[in-house]
Every structure is written in structure tokens, then in C-alpha cells.
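The values are calculated or read from the model by the stated rules, or taken from the named source; none is laboratory data. Keep in mind it's a predicted model, so treat the numbers as computed, not measured. Every residue, glycine as well, gets a Cβ built from its backbone with ideal geometry; the counts of neighbours run over all protein chains shown. Areas reflect the complete protein model, heavy atoms only, side chains present, ligands, DNA and RNA absent. Shrake-Rupley method; radii C 1.70, N 1.55, O 1.52, S 1.80 Å.
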Amino acid sequence: MLSAPHLSVADFLHACKAITGEQYVLSAAEDKQVFESEWRGRMRGNALAVVLPSDTAQVAAIVKLCRKANIAIVPQGGNTGLVLGSIPTAPQTAIILSTRRLNRIRAVDADSNTMIAEAGCTLAAVQQAATDAGRLFPLSLASEGSCTIGGNLSTNAGGTAVLRYGNTRDLCLGLEVVTADGEVISQLHGLRKDNTGYDLKQWFIGAEGTLGIITAAVLKLHPRPRTHCTALLAVGSPEDALQILRLAGTCFGPALTTFELISGVCTELVLQHIPGTRQVFPQQHPYQILLEVSDFHPASHTLALWENFQQELMQADLILDGALAGSVAQANDFWKLRESISEAQAKAGRNLKHDISVPVGRIPAFIAETGGLLAAACPGAQVVCFGHMGDGNLHYNVNTQPVNHQVNPEALSDTAVTRLIHDQVHRFGGSFSAEHGVGAMKRDDMLRYKSETELSMMRAVKQALDPAGIMNPGKIL
């Protein structure tokens, strides 16, 4: 029996089926498994059922039914998250509400540079719809073929173009949301100026489904750049990389789109474990930078900017080697080195992932100091450091057993390694979650690093918008 004694499990499931259609309520274990399982295999939750509504009205009806029956709801898009945010982890009886059938592009307005997309649209589908209209939706993630725009908004996803275009929050002009009461808020007008009180959409972006369910969004589109310039630069240190970032900002201005830092360890892992990748330079270097410029001017203008930048680099003696992509295929090869790091890590063995951000200017000091502390506390630990240096977001991952996967008796526990790194992040004025969210994995970090005033305000918002506590319980707070 559920906690609402007047409604049995059978009656609840029957009511769900009456809303969505019988085939869209999955209660058999074999049907639920793919939805209940974290995609990396780290955990499997337990849902009463998986419900797949087809539109906002059905989502609202399901939420009202769950509120009546006191059944929790775990919203789920593509289930590609990294912090256990989209599977049931709390002890409450819960359903998974999958948005994958809410997958329509409702409208594209090239004049206004806007698109209305439903929450279950994959990021790749949104990108393609923008391309078909001669526009650009610049959010780019490795999981774009399967992650959904609702999940991107719920986690305020970042990606490789944040330096120029911002996080998902910056690409959203309005939302349609089903509240925890089953009411619908629709703000899909797409206005860039609407100064009429609280900006309600910001309450739900980055909330990881704990305050309501995003069902559609007005997305901000951009003109498509006419030219791209992609380069790989070899450098000796993060300090040199920081100087190059400053120089690139001066030379390219807003055309600077991507500035990724890749350690030599990352490159070695990719070359060792990913078929079809190749070394760009004759020898290995301590760090590489993947730099991309996108411009609305003719190619000749972009190349002139690059030549000026190259001269500045040479005069400053900041690079050890460099390669400018001469074709789309070569640019794709450069990107494959960057985008294959996570896969290579997985093939190399288990590792601890840390999605962190620190002020850009403090990145070199953070890398040096934290690496020294880890070397002293956990001899032999392998640091795999890479990420979006241009916006301060690093993926600072650690393998404590890197040598033939043999047990290192001096290795710290996983908890101790993560505590060391996150304490360092906090000391440097950073964040323990830059773009992956909090989910269920980082709740203890919230308690350790957020002030009590911040936590109290967050709890007050949660209580006001979801007093029954049915929206994605056990996540964030």
C-alpha cells in the first residue's frame, strides 16, 4: 500500500494508464531497468513505475495524481547525468517520469532568433533544427545525441562554448513548467526584456527537478558563424596557458569561442586507448591547448587575426609547438583528442571524477598546489586534468591505482581524495560542482561548503514550491 491508504498500487497505476495510455506506464522489472539504472552502472534505483506522458497536460495530470497519492516523482530526460540526479535514490515510493515523448520542436523564429522546444528533445535535435533555420544553438556536449534539453536546463549544463555563449541558463528566454501542485506556468513569449517581478524561470533552471518539471523552453539562437579557426598549441605549463588565454582574448575578442586545457597525461591515455587517434606533435608535451575562434567575417579576416596572434605568441615565447587545422577533418581530429578523454579514462580503469571551477586567474596555482598535496598524501596517484580553462571549469580526475591496477597500500580512500580536492577548491574560492550538478552524490558537499544562510534560503524555496516533498527527493538538499 502507498502512504495514501485510500489509493492502492493497482488503482494508482490504473489511473496513470488512464492518463497516458496503458503502454506508457511500465511496471515490469525488465521494462524499468534501463530507466532505473545509472548509465555508468554505478547504481540502480527502484521505481514503482516509469510513466511516459506525451504532453504538458498529461504531465500535469500525473503530478496531481502523485500529489494526491503522496508518491514521489523523479523527472528523467536522457538519463546521461553524472551525479545520480535522474534515478530514484530516496526511500520514498517514487515513479520515474520520463520526458522522452515530449520531443517536438514547436516553433522556430529566425527573425527573433528563438526556438520553442519540448523538454524531451535531444540536444542534437535542437542543434539540427537551428541549423535547418540557418541559425546556431551553441550548447555542445559529448552526450548531445542522447541528453535532452530539459535535462540540460535542469542541470544548467555547460560544455565547450561557455566562454563565448554562456551556460544553458544564458541560452533560455522562457520556460513552461509543471509545478509540484500540478499547475502549469507558461512563459514561452521569448521576450528579451520583461522586467515584471521575479524571473521565475531561474528558479527551475539548475534545480535538477526538485521544484517542478520543465516541459518546454524558449531557446536563444544565434547567427551561424561564417568561418572557424581551430588550433592545437603545446605549452609547458598552466601559467603559460593563462598568458595565452589573456593574449587570445585581446587578439580575438568575442570571436574566441573555446579554450580547452589538456594535460599530457590525458593525451597519453587517449593515444593508448582510443583507436583512430594520433599524436599531433613529434613529441609529448606537458600541456596542450585546444583553441577555437568563430567569426562572422570572411575567412581572410579570421586568418589575419590568427597571424597576428601567432606573431604575438612567438614574441612572447609562450608555445613549444603549434598546429592550425587546415581542414574540417583535421579540426575534427583535434577535437577527438579532447572529447575522447573521458572514454580513455574509463578504459584505463576506475577513477574519481571532480567537476570543479576556480577563478580563471588562480587555475595555475590550484593545479600546482593540489597536485603537490596529492603526491604527498597519495604516492603514485595519477591526476587527469583537463577542461574548459576559458571559463574556469576543470575536470580534475584522479586514479589512485594507476600502475598495472595494483593496489597501492598508501592510497587514500576515495572519500579522502575527494575531500582533499574539494577543500582545495573551496580554499581557492571555487565550486565543487561546475556543470554536472549536485544530485544525490554531492549532498554532503552542500552541507560542508555552503553557508547555513544559503542552505536555509534554498530549503525555504523548496518548502514553498514543493511542501509535500514529492519532487525528486534526496537530490541537492
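With only alpha-carbon pairs counted, each pair once and no self-pairs, how large is the Kirkwood hydrodynamic radius of the chain in angstroms? One decimal place: 23.8 Å for the Kirkwood radius.
Working note: 222 nm ellipticity from helices only, DSSP H runs with n ≥ 4, each -39,500 (n - 2.57), summed and divided by the residues of the chain, gives -11000 deg cm²/dmol to the nearest 500. Calculate what fraction, in whole %, of the accessible area of region 28-111 sits on carbon and sulfur atoms when a 1.4 Å probe is rolled over the protein chains. Carbon and sulfur together cover 48 percent of it. Against the chain, whose longest principal axis comes from its Cα atoms, helix 123-132 is set at around 70 degrees. Across the chain, Cα pairs under 8 Å and at least six residues apart give a relative contact order of 15 percent.
Taking a ≥ b ≥ c as the square roots of the eigenvalues of the alpha carbon gyration tensor, region 215-360 is oblate, as a/c is not under 1.5 and a/b does not beat b/c. Longest stretch of the chain clear of exposed loop sites (GluC sites (Glu not before Pro), DSSP loop, at most 14 other Cβ atoms within 10 Å, sites excluded): 184-409. Of the heavy-atom accessible surface of region 269-362 (probe 1.4 angstrom), what whole percent is carbon and sulfur? Carbon and sulfur together cover 52 percent of it.
Taking θ as phi - 60° and the Karplus parameters 6.51, -1.76 and 1.60, the scalar couplings of region 276-283 work out to x, 9, 9, 6, 7, 9, x, 9 Hz in sequence order, x denoting glycine and proline. One chain, two ends: Ser112 and Leu191. Fully extended at 0.36 nm per residue, the span grows by 27.5 nm beyond their Cα-Cα distance.
The alpha-carbon of Lys347 sits under 20 angstrom from the alpha-carbons of these lysines, leaving out residues fewer than 8 places away in its chain: Lys336. Heavy-atom surface analysis with a 1.4 Å probe gives region 175-232 a carbon and sulfur content of 49 percent of its accessible area.
Spin-label model, His222/Phe281: points 7 Å from Cα along the beta carbon direction are separated by 2.8 nm. For Ala107, nonlocal amide neighbours, meaning residues 5 or more places apart or on other chains whose placed amide H falls under 5 Å from its own, are Ile116.
Among DSSP beta bridges whose residues both lie in the chain, state the antiparallel percentage, nearest 5.
Of those bridges, close to 85 percent are antiparallel.
Using a cutoff of 8 angstrom between alpha carbon atoms and counting only pairs six or more residues apart, the relative contact order for region 27-181 works out to 20 percent.
Taking chymotrypsin sites (Phe, Trp or Tyr not before Pro) as exposed when DSSP calls them loop and at most 15 other C-beta atoms lie within 10 angstrom, the chain has its longest site-free stretch at 297-477.
Length gained on full extension, Ala377 to Leu247, computed as 0.36 nm times the residue gap minus the Cα-Cα distance: 43.2 nm.
Give the residue list of trypsin sites (Lys or Arg not before Pro) in region 339-374 that are DSSP loop and have at most 15 other beta-carbon atoms within 10 angstrom. The qualifying sites are Arg350. Stretching Gln310 away from Phe296 to a fully extended chain increases their span by 3.0 nm, per 0.36 nm per residue minus the current alpha-carbon distance. Taking a ≥ b ≥ c as the square roots of the eigenvalues of the Cα gyration tensor, region 322-409 is oblate, since a/c reaches 1.5 or more and a/b is not larger than b/c.
Average accessible surface for the chain: 43 Å² per residue, computed with a 1.4 Å probe over protein heavy atoms with every protein chain in place. Between the Cα long axis of helix 56-69 and the first principal axis of the chain there is an angle of about 60°, rounded to the nearest 10. Based on C-alpha pairs under 8 angstrom that are at least 6 apart in sequence, region 249-298 has a relative contact order of 56 percent.
Let a ≥ b ≥ c be the square roots of the eigenvalues of the Cα gyration tensor of region 31-123; is it rounded (a/c under 1.5), or, if not, prolate (a/b larger than b/c) or oblate?
It comes out oblate by the Cα gyration axes.
Put simply, the amide H of Cys172, placed in the peptide plane, has neighbours under 5 Å in Lys220, leaving out anything fewer than 5 places away on its chain. Projecting the Cα atoms of Gly326, Ala234, Met458 onto the charge dipole of the chain, computed from C-beta unit charges around the Cα centre, puts Met458 farthest toward the positive end. With R₀ set to 30 Å, the beta-carbon distance separating Val184 from Ala142 gives a calculated FRET efficiency near 0.35. Around the amide H of Thr215, modelled in the peptide plane, lie the amide H atoms of Glu176, Val177, Val178, all under 5 Å away and 5 or more residues distant in sequence or on another chain. Taking θ = phi - 60°, what integer Hz values does the Karplus form 6.51 cos²θ - 1.76 cosθ + 1.60 yield along region 44-54, in sequence order, with x for Gly and Pro? Once θ is set to phi - 60°, the couplings for region 44-54 become 10, x, 9, 9, 4, 6, 10, 10, 10, x, 9 Hz. Between Arg459 and Leu200, what FRET efficiency follows from the Cβ-Cβ distance if R0 is 22 Å, with the result rounded to 0.05? Efficiency, rounded to the nearest 0.05: 0.70. When the C-alpha to C-alpha distance is required to be over 21 Å, the pairs from Lys68/Lys462; Lys220/Lys475; Lys64/Lys450; Lys64/Lys220; Lys32/Lys201 that qualify are Lys220/Lys475; Lys64/Lys450; Lys64/Lys220; Lys32/Lys201.
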